[in-house]
Amino acid sequence: MDHVIGLKCTICGAEYGVDEVAYVCPEHGDDGILDVMYDYDVIKSRISREDLAQNHDYTIWRYKPLMAVEPDASVPPLRVGWTPLYPAPRLAEQLGLKHLWVKDDGPNPTASFKDRASAVAVVKAQETGAEIITTASTGNAAAALAGLSASVGLPAVIFVPKTAPPAKIAQHLIYGARVMLVDGTYDDAFELTLKVAKEFGWYNRNTAYNPYMTEGKKTAIFEICEQLKWQAPDRIFVPVGDGCIIGGMHKGLKDLLALGWIDKMPKIMGVQAAGSAPLVDAWERGLQGWDMQPIAAHSVADSIVAGLPRDRNKALAAVRETGGAYIAVSDEEILAAIPTVARNTGVFSEPAAAAAYAGLVKAVGEGLVDADERVVVMLTGSGLKDINSAMKTVPEPPIVAPNLDAVKALMA
Ligand SMILES: *Cc1c(COP(=O)(O)O)cnc(C)c1O
Ligand SMILES: [Zn+2]
């Protein structure tokens, strides 16, 4: 990995070689999240936008020279990434915007954005020779890990809150992961996994602890910029729980700027559920990540419920350094966004994903978005992940007798 310079602590700036530390800055313990640093000259000598235009590998691995994996690393067979970026003219019109796209990460193998990170986790676990891989998760990261691990035959042990939506737990079980339902919150599951992984010597995929997850997540913004012919959007709406996705988007954009592949930094908008909005609060009050205290978090959007966002430093930097904003949306607004997005784009999103669109609606209402800006909304997971929440937004369908008159009566 001669294109990787090392790992840098997001708190103290200390730098380490990739072989020196496994996960976090030893000075800062579990909060000392590391950022992967690259030698962009080496990368430039290996990949260009023109090379990409000729590359028929339509997965995250088309960007392998920009990721922290060995150039010849073998990668899991499941097809992760290169998800569609759909123009959304009807939503744009309703909002008075001219250029709006939705990036639909539902078509990933386990139906969420998390496949991007779990694919990298599996590669890194195999690099270290670990026999078991583990993660804490609200549900999607574990589903992604279970699926990607199954694809290469690597045993996985996962820890999710016992309240996780049944469809997600079904994924974990069907893929054959060993599942432990934690009698507690996601934050509890996270702490537990740190201890368990150390005790048993398992490879730990935990978001915002394992520095390589950001490097998988950033592929989404590479795709968006490539899909937009390297004309970066003006503004991007990202749903935020732990803050790893938003941090990853920021990291990817910094990579692209360093390579000279795009010429401006989009404004990154972080959207949180009102019942789980510690980053909105920290952003409004000008707090740093290390000043934040855990809160009791709750929302229908289970994938973005995090009382103390693990990647809070990167998450705040993403918004502050790009002139974006943090926005809170209510559960009501989140649920309402599910059918609105589905009916106007054909994309059925889980609540956390729909939250990003609810954030756009709110931002437009507050006059934060100019009509001619080019805007992208990240739809991070499929609506099939959480049918119970979706069904709250629609009426019960009628039951009809199997004859023409009954249908005529209903149609009248
Ligand atoms: C995990 C997840 C998020 C939030 O990502 P963070 O990195 O925790 O901020 C958003 N949407 C979906 C569908 C997710 O699974
Ligand atoms: Zn440090």
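Some notes on this structure:
- Looking only at residues in the stretch 355-378 that are under 15 Å from the mean Cα position of the chain (by Cα) and closer than 18 Å to residue 97 by Cα, the one that is nearest to ligand 2 (Cβ to nearest atom) is 378.
- Total residues in the stretch 277-294, condition within 22 Å of residue 32 (Cβ to Cβ) and acidic (Asp, Glu): 1
- Scanning the stretch 329-350 for residues being over 13 Å from residue 275 (Cβ atoms) and open to solvent by less than 10 Å² (accessible area, probe 1.4 Å) gives a total of 6.
- Restricted to the stretch 271-324, and to residues there that are among the β-branched types (Val, Ile, Thr) and more than 17 Å from residue 362 (Cα to Cα), the residue that is farthest from the chain's Cα centre (by Cα) is 295.
- Members of the stretch 191-238 found to be of a type in the set (A, V, I, L, M, F, W, C) and modelled with pLDDT under 95, listed by number: 208
- Count - residues of the stretch 208-259 that are β-branched (Val, Ile, Thr) and closer than 15 Å to residue 101 by Cα: 4
- Restricting attention to the stretch 257-292, the residues being among the aliphatic types (A, V, I, L, M), assigned to a strand (DSSP E or B) and touching a residue at least 60 places away in the same chain (Cβ under 8 Å) number 3.
- Residues of the stretch 328-354 satisfying the condition of being among the acidic types (Asp, Glu) and over 17 Å from the mean Cα position of the chain (by Cα): 331, 332, 333
- Flag: residue 353 matches the condition of being in contact with a Ser or Thr (Cβ under 6 Å, 6 or more places away or on another chain) and either surrounded by 12 or more Cβ atoms within 10 Å (Cβ to Cβ) or part of a helix (DSSP H, G or I) (or both).
- Any hit, the stretch 313-328, residues being open to solvent by 30 Å² or more (accessible area, probe 1.4 Å), assigned to a loop (DSSP other than H, G, I, E, B) and under 27 Å from residue 120 (Cβ atoms): yes
- Checked against the criteria, residue 131 does not count as away from ligand 2 (no atom under 16 Å from the Cβ) and at pLDDT below 95.
- Flag if residue 340 is in contact (Cβ under 8 Å) with a residue 60 or more places away in the chain and within 24 Å of residue 225 (Cα to Cα): no
- A search for C-beta distances below 6 Å between a residue of the stretch 374-389 that is closer than 18 Å to residue 240 by Cα and modelled with pLDDT of 95 or more and any residue that is hydroxyl-bearing (Ser, Thr, Tyr) and not in a helix (DSSP H, G or I), counting only pairs 6+ apart in sequence or on different chains, returns 379/349; 381/112; 383/349.
The values are calculated or read from the model by the stated rules, or taken from the named source; none is laboratory data. What you see is a predicted model, and the numbers here were worked out from it, not measured in a lab. Glycine gets a Cβ as well: all are built from the backbone with ideal geometry, and neighbour counts include every protein chain shown. The protein model used for the area step is the full one, side chains on, heavy atoms only, and it has no ligands, DNA or RNA in it. Shrake-Rupley method; radii C 1.70, N 1.55, O 1.52, S 1.80 Å.
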